[in-house]
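The values are calculated or read from the model by the stated rules, or taken from the named source; none is laboratory data. Being a predicted model, the structure only gives us computed values, none of them experimental. Neighbour counts run over all protein chains shown; Cβ positions are idealised from the backbone, glycine included. The protein model used for the area step is the full one, side chains on, heavy atoms only, and it has no ligands, DNA or RNA in it. Shrake-Rupley method; radii C 1.70, N 1.55, O 1.52, S 1.80 Å.
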Amino acid sequence: MGKKAKVSENMQQKLQLAVRSGKFRVGFKLAKKQLRNGTSKLMIIANNCPAIRKTELEYLAILGGSKVIHFEGNNVELGTVCQRLHRVCVMTIQDAGDSDILTSV
């Protein structure tokens, strides 16, 4: 395994812990709502998210004061990390729970 694979695996573990112990929302519309309200602390975007959605979400994240992580996997892999049986393009985290994902970014 290379360095990039280890970093990706570490991020997935932190994300899974945040999903199990914290508060999160999944989906484009809910992400926009969370960013507008300023309740989102971290936003994760899959690498195959459409460009226009990605730029809109990044702009709202800047306005809302939220951090952005570009997930290295596609939306199927992000859905698997979120323990969902469908594709997930965008995910926002309000409370990380036991995970230290907010401090490591």
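Here are the numbers for this structure:
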{"item": "Answer residue from region 86-105, given it is acidic (Asp, Glu) and outside any strand (DSSP E or B) and is nearest to residue 35 (Cα to Cα) among those", "result": "100"}
{"item": "Qualifying positions in region 64-77 - in contact with a Lys or Arg (Cβ under 8 Å, 6 or more places away or on another chain), part of a helix (DSSP H, G or I) and surrounded by 15 or more Cβ atoms within 10 Å (Cβ to Cβ)", "result": "64, 75"}
{"item": "Test: residue in region 46-63 that is within 15 Å of residue 99 (Cβ to Cβ) and either open to solvent by 90 Å² or more (accessible area, probe 1.4 Å) or assigned to a loop (DSSP other than H, G, I, E, B) (or both)", "result": "no"}
{"item": "Condition met for residue 80 (within 22 Å of residue 16 (Cα to Cα), open to solvent by 90 Å² or more (accessible area, probe 1.4 Å) and hydroxyl-bearing (Ser, Thr, Tyr))", "result": "yes"}
{"item": "Output for region 1-24, where each listed residue is of a type in the set (A, V, I, L, M), at pLDDT 85 or above and surrounded by 17 or more Cβ atoms within 10 Å (Cβ to Cβ)", "result": "15, 18, 19"}
{"item": "Residues within region 61-79 that are free of Cβ contacts under 8 Å to residues at least 12 places away in the same chain and in contact with a helix residue (DSSP H, G or I) (Cβ under 9 Å, 6 or more places away or on another chain), tallied", "result": "0"}
